[in-house]
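Undergrad: Shown below is the structure under consideration.
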Amino acid sequence: MSASPNLLERVGRATARGIAEIGFGASLLGESLFWLVLGRARRQPVRLPAIFDQAMEIGIRALPIVTVLAGTIGVMLAIQGIYSLRPFGAESRVTTGIALSVVREFAPLITGILVAGRSGSALAARLGTMHINQEVDALRVMGINPVRFLVVPALLAMLVMVPALTLWADFVALLGAGLYVSGELSMSLAVYAERCLESLKLNDLTHGLSKSAIFAMLITLVGVVNGASVSGGAEGVGRVTTRSVVHAISAIVVTDMIFVFAVTR
Amino acid sequence: MSPDRPNPIEVRDLVTHYGDRLILKGVSLDVREGEIMVIMGGSGSGKSTFLNHLLGLLRPTSGVVRLLGQDINAIGPLDLFDLRKKMGVAFQGGALFSSMSVGENIMLPLREHTNLDEKTMQIMARLKMEVVELAGFEHLMPAELSGGMIKRAALARAIVMDPRLLFCDEPSAGLDPVVSSSIDELILRLRDAMGMTIVVVTHELESAFKIADRICVLDKGEIIALGSVDEIRAHPSERVQNLLNRRTEDVTLDADAYLRRLTGEG
């Protein structure tokens with residue numbers, strides 16, 4: 001008697017909460033666009049320095065770690081690629097696999113996951129702390145719209161920096177793979193580069209970059225939704241920070257699959 | 001009061017809920033031009049909720065809050081935006097932005113709402129810092145300030161636009177007696193020098209008696225007393241006297257209800 005309605009109720013409540021959060025995220029996106037376009041007319045302009053601050057934090061400071069990880073992924077892909085093609089004696093065809101999987105999949109995915117862990121969580125923690133310290137209330141009573149002041153700069157910076165980082169990761173991962181391939185298969189780096197370019201079409205690059213722009217939006221919205229829904233003091237901030245990383249990464253992976261399903265077949 | 005100039009703050013029959021719980025049960029209050037109104041009450045009396053409604057941070061179930069003659073829950077966003085430039089709020093914990101220095105915090109309203117050049121804004125911020133006796137601290141970060149300094153900085157930020165209405169949430173809570181009384185004097189000075197209408201929410205009796213022109217005592221979501229300091233001191237109501245003399249209220253015993261609470265069947 002007691003167990004099943006309880007379970008049903010819990011599932012129902014969790015679903016309703018999830019849908020409410022998605023709705024909140026969507027309205028945030030709409031409101032952000034509103035302030036971006038009409039902010040100046042409403043005397044609430046989105047400030048360029050704030051966007052640069054965020055871009056610095058989200059993009060430039062992530063460069064070292066993106067470089068290291070992208071290079072590592074490139075080498076790893078080269079090793080696996082050569083291994084999987086060896087039974088067919090087709091090792092030299094490895095470039096196609098590397099080029100396509102890096103540009104279409106690995107660079108956007110790794111960059112997205114990295115930025116989610118670095119900046120999505122930071123965003124959630126910052127907004128959560130501001131919420132608890134009444135800083136968000138303070139903004140509102142000062143006549144400063146919190147979405148315009150806090151969310152829009154982060155969203156814009158993400159939308160510019162995540163694709164930019166992805167492009168960089170493309171380059172570094174292909175270079176890493178190239179270095180390994182040229183050593184292993186006695187193929188010169190120039191030939192490797194040429195074959196990579198042969199197998200890549202512009203469509204592959206835009207496929208990867210548009211995914212990374214979607215990831216950028218997801219990371220920001222998940223971070224903001226979680227940060228804004230904080231309750232319960234410092235412990236609550238910790239909870240939403242973790243939650244935002246898990247949600248952002250899940251959203252990225254699932255969206256990636258849906259995007260590929262819709263676009264590639 | 002002249003009829004053409006309404007009271008700067010008018011609250012009529014404010015009823016509010018938190019979830020299903022009734023918090024304010026029809027509160028009506030007028031604050032006159034240039035007076036310091038202290039809203040007093042114990043924890044859970046609804047005074048913080050009341051303040052949040054005065055600031056337009058929460059939407060009431062019913063009732064009207066008029067600031068400077070405008071119903072804050074009915075006017076458009078642009079009017080509300082203009083209204084908010086005429087009010088300053090010092091939050092309990094200061095609510096200074098931790099990523100900005102004290103000076104940047106104080107300059108933020110100027111930066112967002114005016115087109116003054118940097119130098120002018122700095123001078124205006126320093127002027128207010130002199131007023132709150134924080135001169136020379138503008139380069140410190142909020143984390144480097146003491147409790148009293150944070151409250152002062154919050155006050156400086158609240159008055160930087162020379163607002164007509166100033167709201168202070170527990171301005172002296174959690175401070176030692178000397179610092180707390182200096183904050184009280186600061187509030188009195190602000191009113192005298194700038195002619196602001198000030199609403200202070202506090203549970204500190206001493207500070208309330210020191211600064212108030214009138215006191216409004218909230219208890220369980222109702223105004224149980226409203227009057228000058230002397231009127232409140234001499235108030236006949238037992239609930240008011242209990243609060244003033246820090247007596248706990250006698251709880252009427254209901255054995256059945258007590259039993260139900262214990263067994264969790266209430």
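Undergrad: For the protein assembly as shown, which whole percent of the accessible surface, found with a 1.4 angstrom probe, sits on carbon and sulfur atoms? If you can, show how the numbers build up before the last one.
TA: Values: 15710 of 25870 Å².
Using a 1.4 Å probe with all protein chains present, the protein assembly as shown comes out at 61 percent carbon and sulfur.
Undergrad: Could you give the nm distance between label points at A:L7 and A:V37, where each point is 7 Å from its Cα heading toward the beta carbon?
TA: Calculated label separation equals 4.7 nm.
Undergrad: Relative contact order (percent) for the range B:97-162, with alpha-carbon contacts under 8 angstrom and 6 or more residues of separation? Could you put the intermediate results ahead of the total?
TA: Numbers: 71 pairs, mean separation 32.6, N = 66.
Value for the range B:97-162: 49 percent.
Undergrad: Report, to the nearest 10°, how far helix B:102-113 tilts away from the longest principal axis of the Cα atoms in chain B, using its own Cα long axis and a range of 0 to 90°.
TA: 90
Undergrad: Grab the DSSP H runs of chain A that are 4 residues or longer, score each as -39,500 (n - 2.57), total them, divide by all residues and round the 222 nm result to the nearest 500 deg cm²/dmol.
TA: Details: 11 runs with 209 residues, N = 265.
One gets -27000 deg cm²/dmol as the mean residue ellipticity at 222 nm.
Undergrad: Among A:L209, A:V66, A:M142, flag the residue with its Cα farthest along the positive direction of the charge dipole of the protein assembly as shown, charges on Cβ as +1 for Lys/Arg and -1 for Asp/Glu.
TA: A:L209
Undergrad: Continuing with this model, one more query. Between B:T61 and B:S237, what is the label-point separation in nm under the 7 Å Cα-to-beta-carbon projection?
TA: That separation, rounded to one decimal, is 2.0 nm.
Undergrad: Okay, moving on. Leaving out ligands, DNA and RNA, calculate the buried accessible area for the pair B and A with a 1.4 Å probe, summed over both sides, in Å² to the nearest 100. Spell out each step's value before the answer.
TA: On the way: alone 13700 and 14050 Å², together 25870 Å².
Chain pair B/A: roughly 1900 Å² of buried accessible area.
Undergrad: May I pose another question? Just the accessible area per residue of chain A, please: how many Å² with a 1.4 Å probe?
TA: Values: 13090 Å² over 265 residues.
Counting only protein heavy atoms, the per-residue value for chain A is 49 Å².
Undergrad: In whole Å, how far is the Cα centre of the range A:76-136 from that of the range A:152-188?
TA: Answer, in whole Å: 10.
Undergrad: First measure r as the distance between the Cβ atoms of A:F171 and B:E118, then evaluate 1/(1 + (r/R0)^6) with R0 = 41 Å and state the FRET efficiency to the nearest 0.05.
TA: Working: r = 40 Å, r/R0 = 0.98.
The calculated FRET efficiency here is 0.55.
Undergrad: A further question follows. Within the set B:K47/B:K151; B:K25/B:K210; B:K86/B:K220; B:K85/B:K128; B:K85/B:K119; B:K86/B:K128, which residue pairs have Cα atoms separated by over 25 Å?
TA: Working: B:K47/B:K151 19 Å; B:K25/B:K210 28 Å; B:K86/B:K220 31 Å; B:K85/B:K128 16 Å; B:K85/B:K119 21 Å; B:K86/B:K128 16 Å.
From B:K47/B:K151; B:K25/B:K210; B:K86/B:K220; B:K85/B:K128; B:K85/B:K119; B:K86/B:K128, over 25 Å: B:K25/B:K210; B:K86/B:K220.
Undergrad: Within the range B:173-266, which trypsin sites (Lys or Arg not before Pro) sit in a loop by DSSP and count at most 11 neighbouring Cβ atoms inside 10 Å? Please report the intermediate quantities before stating the final value.
TA: Numbers: sites: B:R189, B:R191, B:K210, B:R214, B:K220, B:R233, B:R239, B:R246, B:R247, B:R260, B:R261; in loops: B:K220, B:R246, B:R247.
Answer in residue order: B:R246, B:R247.
Undergrad: Taking the Cα centre of the range A:48-264 as origin, work out the dipole magnitude from +1 charges on Lys and Arg Cβ and -1 charges on Asp and Glu Cβ, in debye rounded to 20. Could the numbers behind the result be given before it?
TA: Numbers: 13 positive and 13 negative charges, 50 e Å.
Here the size comes out at about 240 debye.
Undergrad: Right, next: With each label point set 7 Å from Cα along the Cα-Cβ vector, what nm distance links A:I22 and A:R47?
TA: Rounded to a tenth, the inter-label distance reads 3.6 nm.
Undergrad: Charges on Cβ only, +1 for Lys and Arg, -1 for Asp and Glu, centred on the Cα centroid of the protein assembly as shown; of A:T15, A:S27, A:S92, which one is farthest towards the dipole's positive end?
TA: A:S92
Undergrad: What chymotrypsin sites (Phe, Trp or Tyr not before Pro) does the range A:195-265 have in DSSP loop regions with at most 14 other beta carbons within 10 Å?
TA: Working: sites: A:F215, A:F259, A:F261; in loops: none.
Hits after loop and neighbour filter: nothing returned.
Undergrad: So how much slack lies between B:D230 and B:A135, counting 0.36 nm per residue of separation and subtracting their Cα-Cα distance, in nm? Before the final figure, lay out each step's value.
TA: Values: separation 95, 0.36 × 95 = 34.20 nm, distance 3.66 nm.
Fully extending the segment from B:D230 to B:A135 adds 30.5 nm.
Undergrad: Rounded to the nearest whole Å², what accessible area per residue is found for chain B with the 1.4 Å probe?
TA: Working: 12780 Å² over 266 residues.
Value for chain B: 48 Å² per residue.
Undergrad: Additional query: Please identify the DSSP H helices in chain A that span no less than 24 Å along the helix axis (Cα) and have a mean Kyte-Doolittle hydropathy of 1.6 or more. Mind showing how you got there, number by number?
TA: Numbers: long enough: A:3-38 (52 Å, 0.65); A:63-85 (32 Å, 1.80); A:152-184 (47 Å, 1.63); A:202-228 (39 Å, 1.07); A:233-264 (45 Å, 1.16).
For chain A, where a helix must reach 24 Å along its axis and average at least 1.6, the hits are A:63-85, A:152-184.
Undergrad: Measure out, as a whole number of angstrom, how far apart the alpha-carbon centroids of the range B:227-248 and the range B:105-184 sit.
TA: 33
The values are calculated or read from the model by the stated rules, or taken from the named source; none is laboratory data. For clarity, every value in this text was computed on a predicted model and none was experimentally measured. Glycine also receives a Cβ, built like all others from the backbone with ideal geometry; neighbour counts cover every protein chain displayed. Protein only, heavy atoms only, side chains kept; ligands, DNA and RNA dropped before computing areas. Shrake-Rupley method; radii C 1.70, N 1.55, O 1.52, S 1.80 Å.
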